[in-house]
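See below for the structure under consideration.
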Ligand SMILES: C[S@@+](CC[C@H](N)C(=O)[O-])C[C@H]1O[C@@H](n2cnc3c(N)ncnc32)[C@H](O)[C@@H]1O
């Protein structure tokens with residue numbers, strides 16, 4: 001998975017853009033960026049409106065989320081904003097010069113970090129329970145054929161025992177500790193501020209028995225063969241990441257769904273009243289479009305079912321989010 005996505009000529013390393021292969025909230029509607037703009041304003045206030053306010057997008061893809069937040073920010077806040085895309089893929093044309101583009105996380109952050117659909121692309125191993133015990137699965141990238149390999153390492157076993165115990169032969173788990181470490185490295189860099197991870201997720205009570213590994217190419221699902229031709233992704237054990245973030249210094253945590261978080265940030269999906277169509281037809285159409293976009297972002301069977309992990313260091317959690 002590491003080589004297929006990020007090795008030389010890997011799917012992301014060579015600059016494939018997520019929007020060409022699947023639809024993230026960022027590309028579904030600019031109202032996603034606007035909601036994060038409201039969250040940013042709250043973090044700014046909690047930090048006492050500093051002279052420099054960091055805004056980091058980890059796994060920034062096209063850079064559209066940062067571009068949207070910047071465009072929607074009040075001029076006074078925008079002037080103090082230091083927006084940075086952390087992205088392995090090369091900088092796309094058209095990203096505003098104001099946005100810094102780098103491949104690694106900055107040393108310290110005072111402000112807001114967003115990681116939308118980043119952790120599901122952090123490579124991991126798959127383990128299957130066999131009659132001889134758990135085995136790490138090996139896959140031939142040329143054919144997709146799988147076979148059981150060695151027993152998982154002690155670190156893998158510890159993680160499995162705590163977060164994803166296997167029961168019957170055939171059960172599979174995706175060993176999430178690389179995502180825990182990745183998330184801890186984000187929270188650990190927060191001097192003061194808030195970090196938000198948004199992703200397909202599950203918790204210990206709802207792990208899928210056969211795992212979630214999936215491949216995407218050109219808008220379709222394809223077998224998750226790690227040959228560099230497609231995105232390879234697996235849902236995120238956000239509860240395990242929560243614990244890792246707490247160990248890395250998070251002082252408050254909220255684990256919720258995108259539906260709950262975005263509704264709290266003002267996205268309702270409610271259609272405008274019909275009489276508006278007579279009084280203000282343009283206003284009605286515009287409100288109707290917004291309602292449709294909100295409905296997609298908060299759909300519990302789609303993007304609204306994503307998990308939101310919000311962790312703060314040295315400031316309270318944004319008070320518009322549910323406590
Ligand atoms: C699924 S895409 C999400 C893009 C964007 N956040 C969005 O919502 O449209 C994941 C992105 O994370 C980037 N990525 C993965 N691991 C990374 C890492 N360790 N450092 C920087 N970027 C990374 C990939 O190159 C890819 O562009």
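Quick note: the coordinates plus some simple rules give every number you see, no bench work behind them. This one's a predicted model, so the numbers in the text were calculated from it and none came from an experiment. Using ideal geometry, Cβ is built from the backbone for each residue, glycine included, and neighbour counts are taken over all protein chains shown.
A few notes on this one:
- When restricted to Cα atoms, the range 224-276 yields an Rg and a Dmax of 18.7, 55 Å, respectively.
- Fully extended contour minus Cα-Cα distance, from residue 271 to residue 45, at 0.36 nm per residue: 78.2 nm
- Relative contact order of the chain, defined on C-alpha pairs under 8 angstrom at six or more residues apart (%): 20 percent
- Relative to the dominant Cα principal axis of the chain, helix 154-163 is inclined by about 60°.
- The range 270-320 - Kirkwood radius from inverse mean 1/r over Cα pairs (Å): 13.5 Å
- Relative to the globular-protein estimate of 2.2 N^0.38 Å, the Cα radius of gyration of the chain stands at 1.03.
- Taking 7 Å steps out from each Cα toward its Cβ at residue 38 and residue 209 produces label points 4.1 nm apart.
- Helix 177-187 axis versus longest C-alpha principal axis of the chain: approximately 30°, rounded to the nearest ten.
- Size descriptors for the range 1-62: radius of gyration and Dmax over Cα atoms are 15.9, 44 Å.
- Pairwise FRET efficiency - residue 146 versus residue 286, Cβ, R0 = 51 Å, nearest 0.05: 0.50
- With respect to the chain, whose longest principal axis is taken over its alpha-carbon atoms, helix 281-298 is tilted by about 20°.
- Taking 1.306 mPa s as the viscosity and 10 °C as the temperature, the Stokes-Einstein diffusion coefficient of the range 26-108 based on its alpha-carbon Kirkwood radius rounds to 122 µm²/s.
- Summary of packing: across the peptides 27-40, 294-307, the per-residue average of other C-beta atoms within 10 Å ranks them, highest first, as 27-40, 294-307.
- Taking 97, 239, 158 in turn, the Gaussian network model of the chain (Cα-Cα springs below 10 Å) assigns the largest fluctuation to 97.
- With helices as the sole contributors, the chain gives -9000 deg cm²/dmol at 222 nm; each DSSP H run of n ≥ 4 counts as -39500 (n - 2.57), and the sum is divided by every residue.
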